[in-house]
1. For the subset of region 213-240 comprising residues that are outside any loop (DSSP other than H, G, I, E, B) and within 11 Å of ligand 1 (Cβ to nearest atom), which member is nearest to the chain's Cα centre (by Cα)?
2. Please verify whether region 231-243 includes one or more residues that are within 12 Å of ligand 2 (Cβ to nearest atom) and over 19 Å from residue 49 (Cβ atoms).
3. Having 1 or more residues that are on the phi > 0 side of the Ramachandran plot is the bar; report the helices (runs of 4 or more DSSP H) wholly within region 75-178 that clear it.
4. With respect to residue 253, is the statement that it is within 16 Å of ligand 2 (Cβ to nearest atom), over 13 Å from the mean Cα position of the chain (by Cα) and either touching a residue at least 40 places away in the same chain (Cβ under 8 Å) or not in a loop (DSSP other than H, G, I, E, B) (or both) true?
5. Which residues, taken from region 56-74, are within 12 Å of ligand 2 (Cβ to nearest atom), outside any loop (DSSP other than H, G, I, E, B) and touching a residue at least 40 places away in the same chain (Cβ under 8 Å)?
6. Among the residues of region 259-307, how many are touching a strand residue (DSSP E or B) at 6+ places or on another chain (Cβ under 7 Å) and at pLDDT below 90?
7. Looking at this structure, is residue 242 under 23 Å from residue 79 (Cα atoms), in contact with a strand residue (DSSP E or B) (Cβ under 9 Å, 6 or more places away or on another chain), modelled with pLDDT of 60 or more and surrounded by 18 or more Cβ atoms within 10 Å (Cβ to Cβ)?
8. Look at residue 266 and say whether it is within 16 Å of ligand 2 (Cβ to nearest atom) and assigned to a helix (DSSP H, G or I).
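The values are calculated or read from the model by the stated rules, or taken from the named source; none is laboratory data. Since this is a predicted model, take the numbers as computed values, not measurements. Counting neighbours? That spans all protein chains shown, and the Cβs are built from the backbone with ideal geometry, glycine included.
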Ligand SMILES: [Zn+2]
Ligand SMILES: [Zn+2]
């Protein structure tokens, strides 16, 4: 199974929500949107974004925390509902992104279009935002990039049933609308707002982390890539937009590293931890964060010294699995 198997579906799940957004705007214009639609939108948006950030990203791709099998299954299904592709494919692309971020081989860097000037910049941003999903030749083999997940029968099963789960994620907000309004119109507008409009909004927020998060924002850490912290995107992305922090410490469970860096996924993981549902939560000690921000690295005996320039990635040892993205 690779990205090509889902080409048609990913195309549909990118374009159909656009139709949904236009329909929703027309309905809004005609005042056919009620509180039940906005409730369905808010619930489904939170489920999908948390599924991507806590499930697909921090749990499956980076192993930032441990949890029980039922919570892993719930988070993986929630991430699948987002419609961004099966977990195995998403995680394979993302581990490959961390290995060669902004270098040849990165599935979604905005810098690999070499045309000069504003045209090249816009083409690069388009490619990193959405264009890469339509590249039929772009595949990241899960066996190579995430053999640990390919061996996980739950992740494999959920990945194989991607299409059915995405459709269920559109029907579910319809049922919320039906329950709240007791009308079929409530079902339809619930599915529209909580399904299609939600897919459109949540996916563009995630894709903006790939595009804007490597293009425009602040860099606290000197990483060998162009990752950025994008403060205005932090709230809607539930903390994923502290992307320079994340590239500096990919295994960290908490991407917000200052008190003002809002990270709702970190709040969620902490809540799981205090209720005993998550453990081995990877935390980076403050002195390590500050030393890295100051351009210092730990040398022999725990001393801090100016960091050596990062090695070109091609020279770094290539290993498979989660260890690559520590
Ligand atoms: Zn990145
Ligand atoms: Zn990552």
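1. So the first thing to find is which residues in region 213-240 are outside any loop (DSSP other than H, G, I, E, B), and the list is 213-214, 218, 229, 231-233.
So of that shortlist, the ones also within 11 Å of ligand 1 (Cβ to nearest atom) come out as 213-214.
Numbers: 213: 12, 214: 14 Å.
The qualifying residue nearest to the chain's Cα centre (by Cα) is 213.
2. Checked against the condition, which is being within 12 Å of ligand 2 (Cβ to nearest atom) and over 19 Å from residue 49 (Cβ atoms), region 231-243 yields no hits at all.
3. Numbers: elements: 87-99, 117-129, 142-145, 147-150, 153-160.
Helices (runs of 4 or more DSSP H) meeting the threshold: 117-129.
4. On the way: within 16 Å of ligand 2 (Cβ to nearest atom): yes; over 13 Å from the mean Cα position of the chain (by Cα): yes; either touching a residue at least 40 places away in the same chain (Cβ under 8 Å) or not in a loop (DSSP other than H, G, I, E, B) (or both): yes.
Criteria met by residue 253.
5. Initially, region 56-74 is screened for residues within 12 Å of ligand 2 (Cβ to nearest atom), giving 56-64.
Now restrict to residues that are outside any loop (DSSP other than H, G, I, E, B): 56-61.
If the condition is that a residue be within 12 Å of ligand 2 (Cβ to nearest atom), outside any loop (DSSP other than H, G, I, E, B) and touching a residue at least 40 places away in the same chain (Cβ under 8 Å), then 57, 58, 60, 61 are the ones that fit.
6. Residues that pass the stated criteria total 10.
7. Values: under 23 Å from residue 79 (Cα atoms): yes; in contact with a strand residue (DSSP E or B) (Cβ under 9 Å, 6 or more places away or on another chain): yes; modelled with pLDDT of 60 or more: yes; surrounded by 18 or more Cβ atoms within 10 Å (Cβ to Cβ): yes.
Taking the combined requirement at face value, the residue satisfies it.
8. Working: within 16 Å of ligand 2 (Cβ to nearest atom): yes; assigned to a helix (DSSP H, G or I): yes.
In short, yes.
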